[in-house]
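The values are calculated or read from the model by the stated rules, or taken from the named source; none is laboratory data. Everything numeric here is computed off the predicted structure, so don't read it as measured data. Cβ placement follows ideal geometry from the backbone for every residue including glycine, while neighbour counts extend to all protein chains displayed.
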Amino acid sequence: MKHFADKYLKPYIVENGYRSICEIGASLGENTEKILELDKITMTVIDPCFDADLFAKHHDGQRIKVLKGLSHDILSTLSEPFDCILIDGDHNWYTVYNELRIIEERGLLKPGGTIFFHDVRWPYGRRDMYYQPEVIPKEFTQPYATKGIVYGQSELVETGGSNAEHYNALHEGGARNGVLTAIEDFVAEHKNEFSFFYVEEEFGLGVMYKKGKAGASPSFNRWRNRTRYYQLRAKLHGVKSKLIGK
């Protein structure tokens, strides 16, 4: 998520006057540090702290609180809504879909709030990856292996490829498979409540807006239209666009 902080996240947060931010999946905390550069914002970080002990690092922070654990467990204990939520945790359908379900059921995103998602495009937009496959119910787990991924190929490869150290679904696509699929399934169930688009850059940044009484905000519409403009301009010049609105 850190790739998007200066270019997208921070300008959008400032433009919308957001103050309370929740980050689900912080890894080493590099994106967290960038968001904390903004004045007058507070952060709640949810992370199992496998990569770094963020709880110890920020235990005395005045504007940040680290909740150590799995996202579903921690989200189910929260009650105060956030202006903005950043999701970059376990990249699979079950985890992402149920993060969104819990957020909605517990009212953890304010009307007019935004959720940002990383990895909505290749390789995990349509393919599950599991950091801990044993915590995913078997009926929601795709067949998987620790083998690499090749762009444009559904099956995993025996040698080489990308992310071969992870538990990757054997095949790309199909029902309940991948981050983008989880988002689309959730939005389809809440058609009048959310708007969504993504930018195809650095494995994809998804942007989901919770509509208030007035619908989508002018700011959200500007950002969405900007991606469409870049896409059209790239097509006119015969250049593959790295920004695709949806």
Q.
So if I check each of F50, F4, which one is within 29 Å of S217 (Cα to Cα) and either assigned to a loop (DSSP other than H, G, I, E, B) or in contact (Cβ under 8 Å) with a residue 12 or more places away in the chain (or both)?
A. F4
Q: Show the residue pairs that are 6+ apart or on different chains and have beta-carbon atoms under 8 Å apart, the first residue being within the range 29-41 and under 10 Å from K10 (Cβ atoms) and free of Cβ contacts under 8 Å to residues at least 60 places away in the same chain, the second being among the charged types (D, E, K, R) and surrounded by fewer than 16 Cβ atoms within 10 Å (Cβ to Cβ).
A: K34/D6; I41/R19; I41/R63
Q: Take A56 and decide whether it is assigned to a helix (DSSP H, G or I), at pLDDT below 95, out of contact with any Ser or Thr (no Cβ under 6 Å at 6 or more places or on another chain) and among the hydrophobic types (A, V, I, L, M, F, W, C).
A: yes
Q: Say whether the condition of being on the phi > 0 side of the Ramachandran plot, in contact (Cβ under 8 Å) with a residue 60 or more places away in the chain, touching a Phe, Trp or Tyr at 6+ places or on another chain (Cβ under 9 Å) and of a type outside the set (G, A, S) is met by at least one residue in the range 128-137.
A: no
Q.
Quick check on the range 73-108: of everything there that is part of a helix (DSSP H, G or I) and polar (S, T, N, Q), which residue is nearest to the chain's Cα centre (by Cα)?
A. T95
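Residues checked against (1) closer than 18 Å to L70 by Cα; (2) surrounded by 17 or more Cβ atoms within 10 Å (Cβ to Cβ); (3) modelled with pLDDT of 95 or more; (4) not charged (D, E, K, R):
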{"residue": "A5", "(1), (2), (3), (4)": "no, yes, yes, yes"}
{"residue": "Y18", "(1), (2), (3), (4)": "no, yes, yes, yes"}
{"residue": "C22", "(1), (2), (3), (4)": "yes, yes, yes, yes"}
{"residue": "G29", "(1), (2), (3), (4)": "yes, yes, no, yes"}
{"residue": "T42", "(1), (2), (3), (4)": "no, no, yes, yes"}
{"residue": "I46", "(1), (2), (3), (4)": "yes, yes, yes, yes"}
Q. From the list F117, F140, which one is under 20 Å from C22 (Cβ atoms), of a type in the set (F, W, Y) and surrounded by 13 or more Cβ atoms within 10 Å (Cβ to Cβ)?
A. F117
**Q.** Residues of the range 203-240 classified as modelled with pLDDT under 90 and not in a helix (DSSP H, G or I), total
**A.** 10
Q. Which of the residues belonging to the range 174-188 are of a type in the set (D, E, K, R) and touching a helix residue (DSSP H, G or I) at 6+ places or on another chain (Cβ under 9 Å)?
A. R176, D185
Q. Only one of (1) part of a loop (DSSP other than H, G, I, E, B); (2) at pLDDT 95 or above; (3) within 27 Å of K10 (Cβ to Cβ) fails for Q62. Which number is that?
A. (2)
**Q.** Filtered residues of the range 7-47 (kept if acidic (D, E) and part of a loop (DSSP other than H, G, I, E, B))
**A.** E37, D39
(Q) Any residue that is outside any strand (DSSP E or B), of a type outside the set (D, E, K, R) and in contact (Cβ under 8 Å) with a residue 40 or more places away in the chain - is there at least one of those in the range 148-166? (A) yes
